[in-house]
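Structure first, commentary second.
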Amino acid sequence: MRTRDENKESIVKVKALEMLVNEGFDGFSMQKLAKAAGVSPATLYIYYKDKDDLIVKLGIEEGKKMIAATFESFSPEMPFAEGLRVQWYNRVRYCMEQGISTCFFEQAKHSPYRDKITASIVEDFKEVMGKFIQNAIQNRELVSVPVEVFWSIAFAPLYNLIRFHQTGKNMGNRDFSLTDDYIEQTLTLVIKALKP
């Protein structure tokens, strides 16, 4: 039986992410990946059972990286405004530095792979965020709303700014680049909207 080669495995992951983002899940195949990564198709099956296994494992790995980046220097004990600010800047940094991973994870969230991926990563995230939100509500820093409403107000504006930045255009097709001023102005309004 052949052994794992960490260098090859890393190349395979990078190429798989690029291909999945650029060609989509339907245009992706193990044969194409092997060619792009410069490995034998048999090599891929050392790491993954099949295409679906590869996509799910990549989704879990990238999701865990994103969550770790989101919670860097963050504590659920932080005051609400401070904790949200830390998360916003962490999310911006991650999305800017890990563009391909961000695009892949976004695609995966809207695919049949979503449930398998999120089932493996969501518990720790929910625990930390749940504690953060509960503390903020108890400290009267946050209005109690359904999680869908909270998420739509707390993070959707940020992700819209990030999308504008990634395309380089705003919704009026004018040039756009995300700055700290845009982040702070939007974050201030978000915090104001979520205060009791």
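The values are calculated or read from the model by the stated rules, or taken from the named source; none is laboratory data. Just so you know, these numbers come straight off a predicted model, no measurement behind them. FYI the Cβ positions are ideal-geometry reconstructions off the backbone, even for glycines, and counts take in every protein chain you see.
General remarks:
Conditions tested, residue by residue: (1) free of Cβ contacts under 8 Å to residues at least 12 places away in the same chain; (2) among the hydrophobic types (A, V, I, L, M, F, W, C); (3) surrounded by 17 or more Cβ atoms within 10 Å (Cβ to Cβ); (4) part of a helix (DSSP H, G or I).
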{"residue": "Gly27", "(1), (2), (3), (4)": "yes, no, no, no"}
{"residue": "Met66", "(1), (2), (3), (4)": "no, yes, yes, yes"}
{"residue": "Glu77", "(1), (2), (3), (4)": "no, no, no, no"}
{"residue": "Ile100", "(1), (2), (3), (4)": "no, yes, no, yes"}
{"residue": "Phe104", "(1), (2), (3), (4)": "no, yes, yes, yes"}
{"residue": "Met129", "(1), (2), (3), (4)": "no, yes, yes, yes"}
{"residue": "Asn135", "(1), (2), (3), (4)": "no, no, yes, yes"}
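- Criterion violated by Pro146 - all others in (1) under 24 Å from Ile67 (Cβ atoms); (2) surrounded by fewer than 12 Cβ atoms within 10 Å (Cβ to Cβ); (3) within 18 Å of the chain's Cα centre (by Cα) satisfied: (3)
- Restricting attention to the range 79-98, the residues that are surrounded by fewer than 14 Cβ atoms within 10 Å (Cβ to Cβ), without any contact (Cβ under 8 Å) to a residue 60 or more places away in the chain and over 29 Å from Lys13 (Cα atoms) add up to 1.
- Of Gln87, Gln31, all but one fail to be outside the structural domain of Asn139 (by TED's automatic domain parsing) and among the polar types (S, T, N, Q); the exception is Gln31.
- Selection count where residues are loosely packed, with under 11 Cβ neighbours inside 10 Å, under 17 Å from Arg93 (Cβ atoms) and of a type in the set (S, T, N, Q), scope the range 153-186: 1
- Number of positions in the range 110-127 that are within 24 Å of Arg85 (Cα to Cα) and either assigned by TED's automatic domain parsing to the domain that holds Asp26 or without any contact (Cβ under 8 Å) to a residue 12 or more places away in the chain (or both): 4
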